[in-house]
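Q: Take this structure first; my questions come after.
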Amino acid sequence: MTGNTIIVVGHTALDRVYRIDAFPAWPTKVAAHDHREEGGGSAANAAAAIAVPGGEVKLWSRIGDDETGAKARRALQQAGVDVSSVVACEGAKTPTAAVIVDGKGERLVISEDGHTFPMEAEWLPLGAVASAGAVLSDLSWLEGTRAAFAAARAVDVPTIVDVDLGGGILLDRVIDLTDYAIFSAPAFEKFVAGGDDGARLASLLARGLRHAGVTRGAGGYTWRGAQGGGQQSAFKVPVVDTTGAGDVFHGIFALALASGLSDAECARVASAAAALKCRRLGARLGLPTAMELDAFLLEQTGEGLAEGFLPGTPRLQPSVESQRVCLQSAP
């Protein structure tokens, strides 16, 4: 591993998010109490999550040559993402989604993303992979993923896939180049056969993965790896909207991995970032800065960000109260 820059490959979209009290039992008109238009797409959200705390990230993606795509690109630039390889494809339409969020923070997503984009990946700047710390894909662009992952494998840069319902069917076509596979709970149930979680995760390791895990929202994150496995409990926060929480988990996990942290520490930091995101409406508004993430981890666990995570980031000192709680809870 030769650098800390993360390369993210995949989906970029524009979201329109509406907050309502409750989902109706039948078709009717419902008043929205809040509304946001913001960048979306799993890969793009993960890239923004990496950039906001100060990580260096390049997004390799395709958008349409339309105003929707221009808005999505501007949102990424504002977050600090390198969009030099976000290509506007002539005649294509940028994907959009309507996200309806109820008073409990649960959501209904109506996506319009079945547009045809050029599939070839020859234009990707694959030489950049040699100086990357990790490559992350949401499996929405198979050709781009295989090209980036093959380049990463050649120089021993770790590769990570976000396995959701939309792209899970493609996992078999990239698993030979994949080091880390992180499943959503629905994708895990659909695409991984077997008994309990431990047995199913072990079956994935037997196929050559270094790490396999499943996110279960409030149920936390369970994983298995070459040195064993573990369970990271979810952090409890007042939930406004869960949109993009998984994307944030994947992005921060990749950033922590590129920083040389252990799987357990990657899971802890990623879980904290995903929880913080859920306190605000939409996928981007609640993305935490490094200082916010450090403060939250100190408050919740008495231990802030590991020193290797984003070297040079200012650290907070544990409060007297947090130190007392940690001493009381020690064996």
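The values are calculated or read from the model by the stated rules, or taken from the named source; none is laboratory data. Small disclaimer: the values here were computed from a predicted structure and weren't measured. So basically every Cβ, Gly included, is an ideal-geometry build from the backbone, and we count neighbours across all protein chains shown. To get the accessible areas, we keep the full protein, side chains included, count just its heavy atoms, and leave off ligands, DNA and RNA. Shrake-Rupley method; radii C 1.70, N 1.55, O 1.52, S 1.80 Å.
Q: Could you please find all residues in the range 53-84 being more than 26 Å from Thr242 (Cα to Cα) and under 19 Å from the mean Cα position of the chain (by Cα)?
A: Scanning the range 53-84 gives no hits.
Q: Let me ask something else. Please verify whether Ala267 is in a helix (DSSP H, G or I), more than 18 Å from Gln78 (Cα to Cα), of a type outside the set (Asp, Glu) and open to solvent by 10 Å² or more (accessible area, probe 1.4 Å), treating the condition exactly as stated. Don't jump to the end; show me each part of the working.
A: Details: in a helix (DSSP H, G or I): yes; more than 18 Å from Gln78 (Cα to Cα): yes; of a type outside the set (Asp, Glu): yes; open to solvent by 10 Å² or more (accessible area, probe 1.4 Å): no.
No: the conditions fail for Ala267.
Q: In the range 290-302, which residues are open to solvent by 50 Å² or more (accessible area, probe 1.4 Å) and under 22 Å from the mean Cα position of the chain (by Cα)?
A: Within the range 290-302, Met291, Glu292, Gln300 meet the criteria.
Q: When only residues in the range 219-245 that are hydrophobic (A, V, I, L, M, F, W, C) and in contact with a Cys (Cβ under 7 Å, 6 or more places away or on another chain) count, which is surrounded by the most Cβ atoms within 10 Å (Cβ to Cβ)? Quick ask: steps written out before the conclusion?
A: Step one: of the range 219-245, the residues hydrophobic (A, V, I, L, M, F, W, C) are 223, 226, 234-235, 237, 239-240, 245.
Still in the running and in contact with a Cys (Cβ under 7 Å, 6 or more places away or on another chain): 237, 239-240, 245.
Values: Val237: 17, Val239: 17, Val240: 20, Ala245: 24.
Per the stated criteria, the residue is Ala245.
Q: Oh, and also: Would you please name the residue that is nearest to Thr5 (Cα to Cα), looking only at residues in the range 112-138 that are of a type in the set (S, T, N, Q) and at pLDDT 90 or above?
A: Here the residue is Ser131.
Q: List the number of the failed condition for Gln231; all other conditions in (1) part of a loop (DSSP other than H, G, I, E, B); (2) farther than 15 Å from Tyr180 by Cα; (3) not aliphatic (A, V, I, L, M) hold.
A: Looking at each condition in turn, Gln231 falls short on (1).
Q: Inside the range 98-129, can you point out the residues that are acidic (Asp, Glu) and part of a loop (DSSP other than H, G, I, E, B)?
A: Selection gives Asp102, Glu106, Asp113, Glu120, Glu122.
Q: While we're looking at this one, here's another question. In the range 71-89, which residues are of a type in the set (S, T, N, Q) and assigned to a strand (DSSP E or B)?
A: Correct list: Ser84, Ser85.
The rows are residues; the columns are (1) open to solvent by 70 Å² or more (accessible area, probe 1.4 Å); (2) out of contact with any strand residue (DSSP E or B) (no Cβ under 6 Å at 6 or more places or on another chain).
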site	(1), (2)
Leu14	no, no
Val17	no, no
Trp26	yes, yes
Lys29	yes, yes
Ala32	no, no
Gly39	no, yes
Ala43	no, no
Ala49	no, yes
Pro53	no, yes
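Q: Looking for something farther than 14 Å from Arg268 by Cβ and of a type in the set (Ser, Thr, Tyr) - is there at least one such residue anywhere in the range 226-242?
A: Scanning the range 226-242, I find at least one residue that is farther than 14 Å from Arg268 by Cβ and of a type in the set (Ser, Thr, Tyr), so the answer is yes.
Q: Within the set of pairs 6 or more residues apart or between chains, which connect a residue that is without any contact (Cβ under 8 Å) to a residue 60 or more places away in the chain inside the range 4-31 to a residue that is open to solvent by 70 Å² or more (accessible area, probe 1.4 Å) and part of a strand (DSSP E or B) with Cβ atoms less than 8 Å apart?
A: Sorted first by the residue in the range 4-31, then by its partner, the list stays empty.
Q: Here is a further query. Can you tell me which residue among Ser111, Ser61 is over 18 Å from Gly282 (Cβ atoms) and in contact with a strand residue (DSSP E or B) (Cβ under 6 Å, 6 or more places away or on another chain)?
A: On inspection, the qualifying residue turns out to be Ser61.
Q: OK, next. Can you pull out every residue in the range 270-297 that is among the charged types (D, E, K, R) and farther than 20 Å from Asp34 by Cβ?
A: Matches in the range 270-297: Glu292, Asp294.
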